[in-house]
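J.: Pasting a structure below so you can have a look.
The values are calculated or read from the model by the stated rules, or taken from the named source; none is laboratory data. This is a predicted model, so every value here is computed, not measured. Every residue, glycine as well, gets a Cβ built from its backbone with ideal geometry; the counts of neighbours run over all protein chains shown.
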Amino acid sequence: MTDVQLIPTPRELNWSPPAPGYESLDAETTIEARPGTAGVARWLRFTLGAATGFPLADGRDTDNRIVLAIDPELAPEGYRLVVDGSARRIEGGSAAGVFWGAQTFRQLLGPDAYRRAPVRPGRDWELPMVTIEDAPRFRWRGLMLDVSRHFMPKDGVLRHLDLLAAHKLNVFHFHLTDDQGWRVHIKRYPKLTEVGSWRARTKFGHRASPLWEEKPHGGFYTQDDIREIVAYAAERHISVVPEIDIPGHSQAAIAAYPELGNTDVIDTTSLTVWDNWGVSKNVLAPTDNTLRFYEGVFEELLELFPADAAPFSGFVHIGGDECAKDQWKQSPTAQARIKELGLADEDELQSWFIRHFDNWLSARGRRLIGWDEILEGGLADGAAVSSWRGYQGGITAARAGHDVVMCPEQQVYLDHRQHTGEDEPVPIGYVRTLEDVYRFEPVPPQLTAAEARHVLGTQANVWTEVMEDHARVDYQTYPRLAAFAEVAWSVLPAPAERDFADFEHRMAAHYARLDALGVAYRPPAGPLPWQKRPGVLGRPIEGAPPNV
């Protein structure tokens, strides 16, 4: 090996001697954790110790050691990694920077460093003699995982946090509620999980598919599960941002507590947790009772997701998207509320609903974030926007002085198909190949430099309507998340000038890492036989060419 195949690519890498050279990690190697790095040392000792079988004990008086240290002159998440024949050094501007440097150190050791036990006990581990200086381009480097449509047990969530950390992603957007399931236990409202966490059956494929999985589906996280997930993420310098959907995407909550719905329009007691996909017309009623109910939900949620767990932990996502207005138009209660508040229409009624929780969260030191529909009607100064309907929401938010996370569905919705081939399993939406994701640019060119500073970063979204198990989530997410991670972390040229051939070359090594981690990614040559879903209908984009 005469090159170093890292993903994401670092800002600067040089061989410590001018020509390639190597040294070894062995059973005598120790770790010196200087002030502020004990957590990183614990992670490094656990992961590398498992893969190598080495004790990696505490040690200070030998060159055969790994020194972890904080250098405040580096950027907060920046790091410097030096392997030059003396003590190896991983220095960061903060503990997070040291942690990201440790992730790079693991990559340098090769794919077997990602295994949970030694595959060749007693071997020495070759370590390239390099100096790397690196720091992320964006502060918010995220993945949204929808666990409402298909529940993912806690162990699966912890596994994905490890995968995010391996790719230097630092925000986990946890989509916990929707029409098809409520996934977090709220003690004062036990029916949210007793009733709302499971559905009697599930549509298999797109909603036009005639196929059903005729068995109950469900699950939820206890409050201790949530605490564990948040703590596990924080140890990996990942912020967990919970999402509780309001006022749309709420049929599971209404099925549990029918008084939350528009009872003067429909018999909400007949509703069940939705077993189909799409946008349910059953939305929350704009009543004081609904406001008090969700204030109670958020009060418990804020205790489970402490604001100081990680840099973006103060954010709470409230959805705010795709709220059908049909029932409000028919509801005397909703129409009376519109008149009482002096609002123009149902769109302004939704804005009133969102602004209530914007103010409520702000009063408690939190920041509201929601999908770009929440821009319609005005927001408090501290609120932020997830721009999903293309770039325009992000442009509007930034120009209005709001922070924005760019996650346009046309670019980084990883539930969308990866190829035009007929073998793609349950093909959904736009074709977005690995190269397409690699050429995604999060900052809209229409923004001025001052406006662009409101782009906190970027996020890929994984919606799980047609992902029935962890292997399907893996297939849709990887390898494209590796390309996304490089876009979020590295300083790259303009999209058309990016060296995709070089990225593919580095992916050859990265596929071996994913293999060692047990990730069921989409192979470059296409799906394996067991990854296909013949005969299961997907969802073409209306009006798009046949291949999408």
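J.: Is one or more of the residues making up the stretch 219-233 surrounded by 24 or more Cβ atoms within 10 Å (Cβ to Cβ) and assigned to a loop (DSSP other than H, G, I, E, B)?
T.: The answer is no; no qualifying residue exists.
To keep it simple, each residue is scored yes or no on (1) surrounded by fewer than 21 Cβ atoms within 10 Å (Cβ to Cβ); (2) over 19 Å from the mean Cα position of the chain (by Cα); (3) assigned by TED's automatic domain parsing to the domain that holds ARG106; (4) in a helix (DSSP H, G or I).
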site	(1), (2), (3), (4)
THR464	no, no, no, no
ALA471	yes, no, no, yes
ASP474	no, no, no, yes
ALA483	no, no, no, yes
HIS505	yes, yes, no, yes
PRO524	yes, yes, no, no
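J.: Right, something else. Name the single residue that is surrounded by the most Cβ atoms within 10 Å (Cβ to Cβ) among those in the stretch 403-446 being among the hydroxyl-bearing types (Ser, Thr, Tyr) and without any contact (Cβ under 8 Å) to a residue 60 or more places away in the chain.
T.: Within the stretch 403-446, the first condition is being among the hydroxyl-bearing types (Ser, Thr, Tyr), and the residues that meet it are 413, 420, 430, 433, 438.
Those still in the list that are without any contact (Cβ under 8 Å) to a residue 60 or more places away in the chain too: 413, 433.
Working: TYR413: 20, THR433: 15.
Within the stretch 403-446, the match that is surrounded by the most Cβ atoms within 10 Å (Cβ to Cβ) is TYR413.
J.: Counting residues that are β-branched (Val, Ile, Thr) and surrounded by fewer than 17 Cβ atoms within 10 Å (Cβ to Cβ), which helices (runs of 4 or more DSSP H) fully inside the stretch 314-364 reach at least 2?
T.: Values: elements: 326-330, 332-341, 346-362.
Ranges flagged: none.
J.: So, restricting to strands (runs of 3 or more DSSP E) that lie completely within the stretch 1-94, which ones have at least 1 residues that are more than 20 Å from ASP124 (Cβ to Cβ), in contact (Cβ under 8 Å) with a residue 12 or more places away in the chain and of a type outside the set (Lys, Arg)? Spell out how you get there, then give the answer.
T.: Values: elements: 12-15, 22-25, 30-33, 65-70, 79-82, 88-92.
Filter on the stretch 1-94 gives 12-15, 30-33, 65-70, 79-82, 88-92.
J.: In the stretch 99-122, which residue that is in contact with a Ser or Thr (Cβ under 9 Å, 6 or more places away or on another chain) and of a type in the set (Phe, Trp, Tyr) is farthest from GLY39 (Cα to Cα)?
T.: TYR114
J.: So which of GLU12, GLU32 ends up being surrounded by 18 or more Cβ atoms within 10 Å (Cβ to Cβ) and farther than 24 Å from ALA512 by Cβ? Walk me through it before giving the result.
T.: Numbers: GLU12 fails: surrounded by 18 or more Cβ atoms within 10 Å (Cβ to Cβ).
None of the others qualify; the one that does is GLU32.
J.: Of the residues VAL171, VAL119, which is out of contact with any Lys or Arg (no Cβ under 8 Å at 6 or more places or on another chain) and either in the same structural domain as GLU235 (by TED's automatic domain parsing) or over 30 Å from GLY278 (Cα atoms) (or both)? Before the answer, list the steps.
T.: On the way: VAL171 fails: out of contact with any Lys or Arg (no Cβ under 8 Å at 6 or more places or on another chain).
That would be VAL119, the only listed residue that is out of contact with any Lys or Arg (no Cβ under 8 Å at 6 or more places or on another chain) and either in the same structural domain as GLU235 (by TED's automatic domain parsing) or over 30 Å from GLY278 (Cα atoms) (or both).
J.: Name every residue in the stretch 304-331 that is closer than 21 Å to PHE172 by Cα and free of Cβ contacts under 8 Å to residues at least 60 places away in the same chain, in order of residue number.
T.: ALA307, ASP308, GLY314
J.: So GLY393 passes all but one of these: (1) in contact with a Leu (Cβ under 7 Å, 6 or more places away or on another chain); (2) in contact (Cβ under 8 Å) with a residue 24 or more places away in the chain; (3) surrounded by 20 or more Cβ atoms within 10 Å (Cβ to Cβ). Which condition number does it fail?
T.: If we test GLY393 against (1) in contact with a Leu (Cβ under 7 Å, 6 or more places away or on another chain); (2) in contact (Cβ under 8 Å) with a residue 24 or more places away in the chain; (3) surrounded by 20 or more Cβ atoms within 10 Å (Cβ to Cβ), just (2) comes out false.
J.: Which is at pLDDT 95 or above, in a loop (DSSP other than H, G, I, E, B), of a type outside the set (Phe, Trp, Tyr) and not assigned by TED's automatic domain parsing to the domain that holds GLY39, of ARG207, ARG188?
T.: On the way: ARG207 fails: at pLDDT 95 or above.
Going through ARG207, ARG188 in turn, the sole match is ARG188.
J.: Here's a follow-up. Out of VAL536, VAL487, I need the residue that is among the β-branched types (Val, Ile, Thr), out of contact with any His (no Cβ under 7 Å at 6 or more places or on another chain) and not in a helix (DSSP H, G or I). Which one? I'd like the intermediate steps shown before the answer.
T.: Details: VAL487 fails: not in a helix (DSSP H, G or I).
That would be VAL536, the only listed residue that is among the β-branched types (Val, Ile, Thr), out of contact with any His (no Cβ under 7 Å at 6 or more places or on another chain) and not in a helix (DSSP H, G or I).
Let's see how each residue does on (1) more than 19 Å from ASN170 (Cα to Cα); (2) at pLDDT below 95:
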| site | (1), (2) |
| --- | --- |
| VAL443 | no, no |
| VAL455 | no, no |
| ALA485 | no, no |
| TRP489 | no, no |
| MET507 | yes, no |
| GLY535 | yes, yes |
| VAL548 | yes, yes |
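J.: All but one of (1) within 19 Å of LEU514 (Cα to Cα); (2) in contact (Cβ under 8 Å) with a residue 12 or more places away in the chain hold for VAL119; state the number of the condition that does not hold.
T.: Unmet condition: (2).
J.: Moving to a separate point now. Please verify whether ILE369 is within 23 Å of the chain's Cα centre (by Cα), aliphatic (A, V, I, L, M), buried (at least 24 other Cβ atoms within 10 Å of the Cβ) and under 21 Å from ALA334 (Cα atoms), treating the condition exactly as stated. So that I can check it myself, show each step before the final result.
T.: Details: within 23 Å of the chain's Cα centre (by Cα): yes; aliphatic (A, V, I, L, M): yes; buried (at least 24 other Cβ atoms within 10 Å of the Cβ): yes; under 21 Å from ALA334 (Cα atoms): no.
So ILE369 does not fit the description; no.
J.: Among the numbered criteria (1) surrounded by 21 or more Cβ atoms within 10 Å (Cβ to Cβ); (2) within 20 Å of HIS237 (Cβ to Cβ), which one does ALA75 miss?
T.: Just one mismatch for ALA75, condition (1).
J.: Further question on the same structure: If a residue must be part of a loop (DSSP other than H, G, I, E, B), β-branched (Val, Ile, Thr) and out of contact with any strand residue (DSSP E or B) (no Cβ under 8 Å at 6 or more places or on another chain), how many such residues does the stretch 269-301 contain?
T.: Our first condition is that a residue be part of a loop (DSSP other than H, G, I, E, B); within the stretch 269-301, this holds for 271-287.
Now restrict to residues that are β-branched (Val, Ile, Thr): 272-273, 279, 283, 287.
Cutting the leftovers down to out of contact with any strand residue (DSSP E or B) (no Cβ under 8 Å at 6 or more places or on another chain) gives us 279, 283, 287.
Here the count works out to 3.
J.: Out of GLY156, GLY59, GLY53, I need the residue that is on the phi > 0 side of the Ramachandran plot and surrounded by fewer than 18 Cβ atoms within 10 Å (Cβ to Cβ). Which one? First the steps, then the outcome.
T.: Values: GLY156 fails: on the phi > 0 side of the Ramachandran plot; GLY59 fails: on the phi > 0 side of the Ramachandran plot.
The conditions single out GLY53.
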